[in-house]
Every structure is written in C-alpha cells, then in structure tokens.
Amino acid sequence: MSAVITPPASSATPPTGPPHHRIAWHLWRSPKRELWLAWAILVAFYNLFFPVFFIVAQVQPPPQPTWDLATQVHWFHERQLGIPIGFGIIFAIGGMNAINNALIAYSMRRMSVTRAFGYSYLIIYSLSAIPGLYLLCIALIVGTLRPDRDPEAVGWLYDFAFLSFDGTMGVFLIGSLIWMVAILIDKNRVFPKWFGYLNLCNALTEVVVAPCWIFRRGVLAWNGQIAWWLDMVVFGVYQVTFIVMLFQMIRREDFGTGPLPDLARKKAQKNGEA
Amino acid sequence: MSDAGESDVGGPGSARRALRRIDGEVILLWTLPAAAIIWGSAFLLFPGFRSPMSPTMPADQVAAFYRDNLAAIRSSMILFNWFGVCLVPILILIVMQIRRMAHRTPIFSYAMLGCVASGPALFLIANVCWLLAAFRPERNPELTQLLNDFAWITFTILVPYLIGQSVILALAIYFDDQPRPIFNRWVAHFNLLVALALVPAAFVGVALTGPLAWDGVLSFWLKNIAIAVWIVVMGVVLGRAVYRERAEQRQRLEGPEELVDA
C-alpha cells in the first residue's frame, strides 16, 4: 500500500499559545495531521456511539429474550421515537467507522509484518458493521414503524435484531486475532506485547457469546451475565486501551520503516540535535 | 496495488517505477455511463419509485401492489441485482486517485477502501426483500408489508457509507498539498454538500408522513437526486483525472530514452 511521501508545506513545529490553537494546528497543519484527524474522529465516534445506544435509543443493555409478545410490543412502543432518532444519528455518522478501521490498519502497516494483515483487518471490520450493527438498527426501526403490526411479526424483528447484534461473532473474532498476531510478531515495537494478548481477550468474548443462539434464559442468553455483561466490560477495557495505544503510536510515529522510537528517546534525540 | 517505495522520491530508475500500472482504467471508467443508463432504466421501471410508494398504505394495498406489478418489480430488481455493484470499480478508481495525492499516510485510501462495498451490500439487502415480497404475492399481506417495510427502510437508510466516502474524499482533497492537486478544491466542497444532503434520509424511521418519510421530499427526492448528481459530477471529474494521469505518463515515457531504459 502506498502513500506518496510528499512532505506538506507546513512547518513541523507546533505553535505556542492557548491549547485550542495547538490542537487545531495538530489537526490541520502538523505533519501527522492525517493520523491525528483520524484519531480525533475515532474518539468522537465512540463518544456518540455509546450514548446513542444506552441513552437515546435505550436498546442497551438488551431486554429479556424470554418476554412474551405483548411485553415485546410494549418495549417497542416505549421507544417509538428514541429508536429512529438514535439510529438516525448512528446512520449519519456510521461511515466515520471506516476511518477508525483505517487507522488500526495503518498501525499494522507500520509494523514489520506483511501488508496482508492490515488489509485483512480493514476488509473484515468494514464487513462487520452490516450484520453486527446496521441489521440490528434496521430491524428495530422497522419494529417501531407500525405500532399496530401483528405481534408475531414484531417478535420476529425483536429476535432478529438482538441475535444479529450479539450473534455476529466471526468478524470480530478473526479481526481481533489478526491484530493480535500482527502485534505479537512485530519487531517494530509499535504496541507492547501485552496489548496483543488483550486482543485475545476481546476475541474470546466472541466465543463465549455463541450460546446466545441456543439459550433463552440464564447467563449465556443474549442479555446474560456472560454473553452480555462480561463481554461489554472486556470490550470497554479493550476499547479505551486501543484508543490510548493508537494515541501513543501517533506520538511516536517517525514515518520511518524501522522500530518506532520511544517518546523519551525521541526527546533526547531532539535535545542532542539542538 | 503499489507498495511503499514506489513513490516519486529519489533512487535510480525511480521515474520508471513511479509509473503506476493504469492499463484498463479507461475501460472501468467507461462502464459508468453504461451502468448509469441501466440504473436509471431500472429506477424508472420499478413502479414503487416512479411516484414513491406511500408508507401509509394498508397491508392489503401493499399486497395488491405486488400482485398487480409482478413483472415490472421482478425485472427492475433483477437488473439492480445484476448491476448495482457496478459502483464498486468506480469507487476503486477514486481510491487509486486518492493514492496519487500528496499525503504522508494511506489513511484516506484505506478508509475509502473500507467504504466501497458496504453501500452496495446494504442496497442488495433491500433488493432481496423486494424480490422476496414479489416471489409469493399470495402470501399473508401482513408478511408482504413487513418485507416491503424492510426493503424501503434499508433502501432509504443505506447512507452511512455514502456520507462516509464523500467526507473522506473531501478531507483527502483538502490535505492534497501540491501545486497541481489531483482534484480541485470545489470537488471537496461539492462532496461535503452531497454528504449533508444525504443526512436526513438516516432519520427515515421517525415518521410515516412528511419530508422524512420514505416517500418524502428529504428522504426520497433529496437523497436520490444527490446520489444521481454525485454519480454524474464525480464521473466527469474522475474521468478528467484518469485521462490527465494517462497523458502525464505518456509524456514521461516519451521523455529522455535513458529514463525508460534505466
């Protein structure tokens, strides 16, 4: 994969002054502006994503799979406006997810591994959004569309939504394993090895969620302590960690092809040059 | 796809290596007018699009719509099923142009690559639902209405990656700092405008009537006109970039002989 390496005309030294001036410079003028912008979009995306699901649409934590049809219909009725507005926001900003995946693929490009890792991750995670996110949203929007719809059909949409969301596993499982293997065999020290193993933890959550296709009650059901709560905690930790990891990677980035320099060493080098 | 090191900077023989393989790009480019004619014909052929179907239709009327228009629904949707993905090679040509821009990283071309297949994939889900509803028109009207709702909502709401690719392309153009940028700045502004025009369609689930409903001014007309205008404008702009690159490469090849033989 190639970038045309043409240094931008702007100066590489950040200006002094109030923080918002410096942040604006990093996003628009710095030599690393493409990476910082991608990172900022990633943070903004997740800051909208979770509040929409939990507060606006109120579809997470998920409802009970054991509810009778009347309760399911009532559940949709209570979210008549929250679901279409909340998911409207998701569909409006959803494309930004491609930039998140691109930044993670870039992290693998910076490693001493074949480009196949970054490409595979990019394609798998781009694909993942359809069964893992958009189908859930569409099914729930269709569910709220007609309050007088036959309860049997509403019940089918209810199952379809939550099972496609919880039960879409392979894309996240294999995607995380690809990132993990790349980190573990990388010689450019882009990420610490323990972060590679954290990817394994995230991958394992996709294994323990599989029984949600079988059990309607208990810890393994789609809203169970293991299939949902434990997985959500692991994913939360994983997500915050990878946001910090990518931040550190961009700070250390030297646009070379060898090992990524440490921050302290970079500073020492700068002082030496001065 | 080319790899790092095949850039324009330095090294013996680099001018030759810098010549990206572009054979066949023109063929892919000229599939666009053909595909656009097919898309337009299929659009007009589908009776649900000519004057968009109302979301307030009762289930019986929806079932009757499928019973009465079987041939037109099937043929238009089979055409869309065959040729809907013709957008992908065009988007990939845009990816190839993004890679020629003066960027330090391939972030924008990666992001664009992540977008290209998802729009057509969501469209195919809508397409299958329309065809399914037409497969057994004698089905319980409630179920036909459910398939019809699923098709219309999916078709209207498939905007995330179309918005994404317009915004990504705009950012890529803004960051293309070189004396002769690949695309002019107005192409970036235009893409942001199109992205903005597609946003209301994301809120199609809010109402069954009015501008946001699936047959409304914003969710149907504004969104579909924006997509059509984007295809035409980007087709022309992309065509000019592709032909310009070919001319530049020809000039380089016809340059000093030692460069070619290096």
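Within 10 Å of each residue's Cβ, count the other Cβ atoms and sort A:GLU206, A:GLU152 from fewest upward.
Working: A:GLU206 22, A:GLU152 11.
Least to most surrounded, the residues fall as A:GLU152, A:GLU206.
Relative contact order of the range A:184-242, please, whole-number percent, based on alpha carbon pairs below 8 angstrom and at least 6 residues apart. All intermediate terms of the calculation are to be shown ahead of the outcome.
On the way: 46 pairs, mean separation 15.6, N = 59.
Relative contact order for the range A:184-242 comes out at 26 percent.
If you take each beta carbon of peptide B:198-209 and count the beta carbons of other chains within 10 angstrom, what is the mean?
6
Using unit Cβ charges (K, R positive; D, E negative) and no other charged atoms, how large, in debye to the nearest 20, is the dipole of the range A:29-262 about its Cα centre?
Roughly 920 debye for the range A:29-262.
Set Lys and Arg Cβ to +1 and Asp and Glu Cβ to -1, take the dipole of the range A:29-262 about its Cα centre, and tell me which of A:ASN100, A:CYS137, A:TYR125 lies farthest positive.
A:ASN100
Per residue of A:133-145, how many C-beta atoms from partner chains lie within 10 Å of its own C-beta, taken as a mean?
Numbers: counts 1, 9, 3, 0, 5, 10, 3, 1, 10, 9, 3, 2, 13.
Mean inter-chain Cβ contacts per residue within 10 Å come to 5.
Kyte-Doolittle cut-off -0.5, length cut-off 30 Å along the helix's own axis using Cα: show which whole DSSP H helices in chain A pass. List each step's numbers first, then the result.
Working: long enough: A:231-252 (31 Å, 1.18).
Answer set is A:231-252.
Would you mind pulling out the separation of the Cα centroids of the range A:135-152 and the range B:208-225, in Å?
Distance between centres, Cα-based: 19 Å.
What does the charge dipole of the protein assembly as shown about its Cα centre add up to, to the nearest 20 debye, if the Cβ of each Lys and Arg holds +1 and the Cβ of each Asp and Glu holds -1?
Numbers: 41 positive and 34 negative charges, 302 e Å.
Computed about the Cα centre, the dipole is about 1460 debye.
I'd like the FRET efficiency for A:ILE174 and B:ARG67, computed as 1/(1 + (r/R0)^6) with the beta carbon distance as r and R0 of 60 Å, rounded to 0.05. Write down the numbers at each step before the final one.
On the way: r = 44 Å, r/R0 = 0.74.
In this case the efficiency is close to 0.85.
Farthest toward the dipole's positive end in the range A:29-262, which of A:GLY196, A:GLY88, A:TRP229, given Cβ charges of +1 (Lys, Arg) and -1 (Asp, Glu) about the Cα centre?
The listed residue farthest towards the positive side: A:GLY196.
State the number of lysine pairs found in the protein assembly as shown whose Cα atoms come within less than 22 Å, restricting to pairs 8 or more positions apart or on distinct chains. Spell out each step's value before the answer.
Details: A:LYS32/A:LYS266; A:LYS32/A:LYS267; A:LYS32/A:LYS270; A:LYS187/A:LYS266; A:LYS187/A:LYS267; A:LYS193/A:LYS266.
Qualifying lysine pairs in the protein assembly as shown: 6.
Give me the extension gain from B:ASP23 to B:ARG74: residue separation times 0.36 nm, minus the current Cα-Cα distance, reported in nm with one decimal. Walk me through the intermediate numbers first.
Numbers: separation 51, 0.36 × 51 = 18.36 nm, distance 3.70 nm.
Extending this stretch completely gives an extra 14.7 nm.
Taking the Cα atoms of the range A:29-262 alone, what are Rg (to one decimal) and Dmax (as a whole number) in Å?
Reported Rg and Dmax, both Å: 19.3, 63.
Over the range A:29-262, what relative contact order in percent results from Cα pairs under 8 Å that are six or more residues apart? Please list the in-between numbers first.
Numbers: 298 pairs, mean separation 49.9, N = 234.
Averaging sequence separation for qualifying contacts and normalising by length gives 21 percent for the range A:29-262.
Let me see the pair-distance distribution of the protein assembly as shown: every alpha carbon pair, 10 Å bin width, integer percents in order.
3, 17, 26, 25, 18, 8, 3, 0, 0
How well do other chains shield peptide A:254-264, expressed as the mean number of their Cβ atoms within 10 Å of each residue Cβ?
Numbers: counts 0, 2, 0, 2, 0, 0, 0, 0, 0, 0, 0.
Counting Cβ atoms of other protein chains within 10 Å of each residue's Cβ and averaging gives 0.
Quick test of the membrane-span-like rule: which DSSP H helices of chain B reach at least 15 Å along their long axis (C-alpha atoms) with mean Kyte hydropathy at least 0.0?
Details: long enough: B:25-45 (30 Å, 1.80); B:70-83 (20 Å, 1.23); B:87-98 (17 Å, 2.88); B:118-135 (25 Å, 1.78); B:141-157 (23 Å, 0.54); B:160-174 (21 Å, 1.59); B:185-198 (20 Å, 1.41); B:223-253 (44 Å, 0.27).
Long hydrophobic helices here: B:25-45, B:70-83, B:87-98, B:118-135, B:141-157, B:160-174, B:185-198, B:223-253.
For chain B, what are the per-bin percents of Cα-Cα distances with bins 5 Å wide, up to the bin holding the maximum?
1, 6, 11, 15, 16, 13, 10, 8, 6, 5, 4, 2, 1, 1, 0, 0
Any idea what the dipole of chain B comes to, in debye rounded to 20, about its Cα centre with Lys/Arg Cβ at +1 and Asp/Glu Cβ at -1? Show your work: numbers first, answer last.
Numbers: 20 positive and 19 negative charges, 35 e Å.
Dipole magnitude for chain B comes out near 160 debye.
Any idea what the relative contact order of chain B is, in percent, if you count C-alpha pairs under 8 Å spaced at least 6 apart? Before the final figure, lay out the partial values.
On the way: 306 pairs, mean separation 52.6, N = 262.
Once normalised by length, the contact order is 20 percent.
Just so you know, all these numbers are worked out from the coordinates, no wet-lab data involved. Because the structure is a prediction, the values reported are computed rather than measured. Reconstructed Cβ throughout: ideal geometry from the backbone, glycine too, with neighbour counts over all protein chains shown.
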